[in-house]
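The values are calculated or read from the model by the stated rules, or taken from the named source; none is laboratory data. In this text, all values refer to a predicted model and were calculated from it rather than measured experimentally. FYI the Cβ positions are ideal-geometry reconstructions off the backbone, even for glycines, and counts take in every protein chain you see.
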Amino acid sequence: MRFIRRRRRAWIALGACGVVIILAVAAGWFFWLPAFRPALLAAEAYGIDVSAYQGRIDWQRVAGQQVSFAYIKASEGGDFVDRRFAANWSGASRAGVPHGAYHFFSLCKPGPAQARNFLRVVPVQPGELAPALDLELSGNCSRRPARRAIETQLKDYLQAVQNAMRQAVVIYLGDDFARYYHLPMLYRHPLWLRSILRRPPPGWIIWQVDGYAHIAGISGDVDLDVGRLPLPAARTWRTPADTDRRLTSPLQ
């Protein structure tokens, strides 16, 4: 009987230790992670990427938080426009934060239609960062078209956007998308890679560190990035008059 009581006390003590460890890990997650900033190497800078999910952003405050660049969601699929894009774009401009636009690629819409959607939304402003394309299975539609079909749609999209902006598109390549489709053509583009807290393998130009950063001027979590400078910029943007002419060949 005494032995059983001792065993019970040991199990209680072990359980208590487990609870303490879990609470310590949780505290680290909720308090340490939002403030985490990886050490920067030479010619690197912090940045963020945002969408309507972040709500209203005080870009003047953001500019004072060592945020050297921002990517802003513009569009998704063939007709969706991020409801905060215009406000975020103008706010970043007024605050002097270098910024670029990104499009979330849908597996269920043709590439040309998605390019038209993106190019209709993004303003004509020389000198901004090169356009980016977000490739992920997470958050995408349920269909999984064949590899060759997706490759064709991506080529159509990239040709149209690059013809209009005269700059290679930065590719945000999600691990899930890369594993499922494995398209070598994507690796010829500047790469934006997600790797939680650890630097990705060589070859990236933007590293998405995590999605839990806290930045003054933004309510809640935001994606934290590290960019290798100089980040690519759109060299020659289209003008309203020649946009349709440039798009005629790739998109028709």
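Tell me, please, whether a residue that is part of a strand (DSSP E or B) and either within 19 Å of the chain's Cα centre (by Cα) or under 17 Å from Gly47 (Cα atoms) (or both) can be found in segment 82-95.
Taking every residue of segment 82-95 in turn, none turns out to be part of a strand (DSSP E or B) and either within 19 Å of the chain's Cα centre (by Cα) or under 17 Å from Gly47 (Cα atoms) (or both).
Restricting attention to segment 102-114, the residues being in contact with a helix residue (DSSP H, G or I) (Cβ under 7 Å, 6 or more places away or on another chain) and either within 20 Å of Ser138 (Cα to Cα) or in a loop (DSSP other than H, G, I, E, B) (or both) number 7. Total residues in segment 134-181 satisfying the condition of being out of contact with any Pro (no Cβ under 6 Å at 6 or more places or on another chain), assigned to a helix (DSSP H, G or I), touching a residue at least 40 places away in the same chain (Cβ under 8 Å) and charged (D, E, K, R): the figure is 2. In segment 115-123, the condition of being under 18 Å from the mean Cα position of the chain (by Cα), part of a helix (DSSP H, G or I), assigned by TED's automatic domain parsing to the domain that holds Asn163 and closer than 20 Å to Gly220 by Cα is met by no residue.
Applying the set (1) surrounded by fewer than 21 Cβ atoms within 10 Å (Cβ to Cβ); (2) modelled with pLDDT of 95 or more to Arg166 leaves exactly one unmet item: (2). Being in contact with a Lys or Arg (Cβ under 9 Å, 6 or more places away or on another chain) and farther than 18 Å from Gly211 by Cα holds for only one residue in Gln60, Gln66, and it is Gln60.
So the check is Cβ under 7 Å with 6+ separation or different chains; which pairs have a first residue in segment 217-233 that's outside the structural domain of Tyr71 (by TED's automatic domain parsing) and a second one that's basic (Lys, Arg) and surrounded by fewer than 16 Cβ atoms within 10 Å (Cβ to Cβ)? From residues that are outside the structural domain of Tyr71 (by TED's automatic domain parsing), there are no pairs. I'm trying to understand the selection: among the residues of segment 43-73, which are of a type in the set (A, V, I, L, M) and within 18 Å of Ser138 (Cα to Cα)? Once the filter is applied, which keeps residues that are of a type in the set (A, V, I, L, M) and within 18 Å of Ser138 (Cα to Cα), segment 43-73 yields Val50, Ala52.
Quick one: which residue in Ala160, Ala234 is modelled with pLDDT of 95 or more, closer than 25 Å to Val121 by Cα, crowded, with 17+ Cβ neighbours inside 10 Å and among the small types (Gly, Ala, Ser)?
Checking each option against the conditions leaves just Ala160.
Test each condition in (1) at pLDDT 95 or above; (2) within 27 Å of Tyr212 (Cβ to Cβ); (3) assigned to a loop (DSSP other than H, G, I, E, B) for Leu186 and report the one that comes out false. Condition (3) is where Leu186 drops out. Close Cβ contacts (under 6 Å, 6 or more residues apart or on different chains) running from residues in segment 197-216 that are more than 12 Å from Arg37 (Cα to Cα) to residues that are among the aromatic types (Phe, Trp, Tyr) comprise Pro200/Trp207; Ile206/Trp192.
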